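The values are calculated or read from the model by the stated rules, or taken from the named source; none is laboratory data. Just so it is clear, the model here is predicted, and its values are computed rather than measured. Every residue, glycine as well, gets a Cβ built from its backbone with ideal geometry; the counts of neighbours run over all protein chains shown.
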């Protein structure tokens, strides 16, 4: 069992592992109305790391609406967007290019599923991958830097992870994301989604990416 506490709000979220890799949440909070109104904020912060409870899959329309907000914010900021994706296989790029009237804010997407492709397309030092592993904070950050350097974008998102089962020592559902805006420090996130199947893990990863890009844009 793991606990997460938002200090000052008297909100405690406990994550229970069912033993099958699925995570359930219990929320205890103060009964004061002002704090009850802030529960969704605390939930989103915890869910961003552990994911939604089983059965609460991402709505494609919700993701599309989030992507539209990110593109609109990028247009206001006069920034092009780019992505560097591994485990999501271009899903984030496909979502951006599906938004009519705003897809022109998207410059390009890199799908770098193998270690070699990360080096060939993004210029990542192979020794970095050897030292830290393909699914790591360091590689996600290097992917973002490479996408920024090899595109016309001013804001990029990089994703690397294990959406499904891999080698015996790989943690299924472990995802590292990095969002980088020119002239700003990176935004990094590590997610532990568990064994939910590739489709659900990818959808949750895309949601996390959109949240991070929105944060970088102040949207």
*asked:* Being surrounded by fewer than 19 Cβ atoms within 10 Å (Cβ to Cβ), assigned to a helix (DSSP H, G or I), in the same structural domain as residue 212 (by TED's automatic domain parsing) and modelled with pLDDT of 95 or more narrows it down to one residue among 94, 74, 67; which is it?
replied: 94
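Quick grid of which residues meet (1) on the phi > 0 side of the Ramachandran plot; (2) touching a strand residue (DSSP E or B) at 6+ places or on another chain (Cβ under 7 Å):
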{"residue": "123", "(1), (2)": "yes, no"}
{"residue": "128", "(1), (2)": "no, no"}
{"residue": "134", "(1), (2)": "no, yes"}
{"residue": "168", "(1), (2)": "no, no"}
{"residue": "176", "(1), (2)": "no, yes"}
{"residue": "189", "(1), (2)": "no, yes"}
{"residue": "206", "(1), (2)": "no, no"}
{"residue": "216", "(1), (2)": "no, yes"}
_Failed criterion for residue 48 (all others in (1) at pLDDT 95 or above; (2) in contact with a helix residue (DSSP H, G or I) (Cβ under 6 Å, 6 or more places away or on another chain) hold)_ = (1)
*Is region 104-114 home to any residue that is touching a strand residue (DSSP E or B) at 6+ places or on another chain (Cβ under 9 Å), crowded, with 19+ Cβ neighbours inside 10 Å and assigned to a helix (DSSP H, G or I)?*
yes
*asked:* Being in the same structural domain as residue 210 (by TED's automatic domain parsing), surrounded by fewer than 23 Cβ atoms within 10 Å (Cβ to Cβ), modelled with pLDDT of 95 or more and over 18 Å from residue 212 (Cβ atoms) is the requirement here; does residue 131 meet it?
replied: yes
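Return the total of residues in region 192-206 being under 12 Å from the mean Cα position of the chain (by Cα) and buried (at least 20 other Cβ atoms within 10 Å of the Cβ). Steps first, please.
Start the filter on region 192-206 by keeping residues that are under 12 Å from the mean Cα position of the chain (by Cα), which leaves 192-193, 201-206.
Going one step further and asking which of them are buried (at least 20 other Cβ atoms within 10 Å of the Cβ), we end up with 193, 201-206.
Residues that pass the stated criteria total 7.
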_Looking for something out of contact with any strand residue (DSSP E or B) (no Cβ under 9 Å at 6 or more places or on another chain), assigned by TED's automatic domain parsing to the domain that holds residue 88 and touching a residue at least 12 places away in the same chain (Cβ under 8 Å) - is there at least one such residue anywhere in region 151-163?_
no
*Look at residue 177 and say whether it is surrounded by fewer than 24 Cβ atoms within 10 Å (Cβ to Cβ) and either within 10 Å of the chain's Cα centre (by Cα) or closer than 19 Å to residue 143 by Cα (or both).*
no
*asked:* Here are the criteria: (1) modelled with pLDDT of 95 or more; (2) surrounded by fewer than 15 Cβ atoms within 10 Å (Cβ to Cβ); (3) not in a helix (DSSP H, G or I). Tell me which single one residue 31 does not satisfy.
replied: (1)
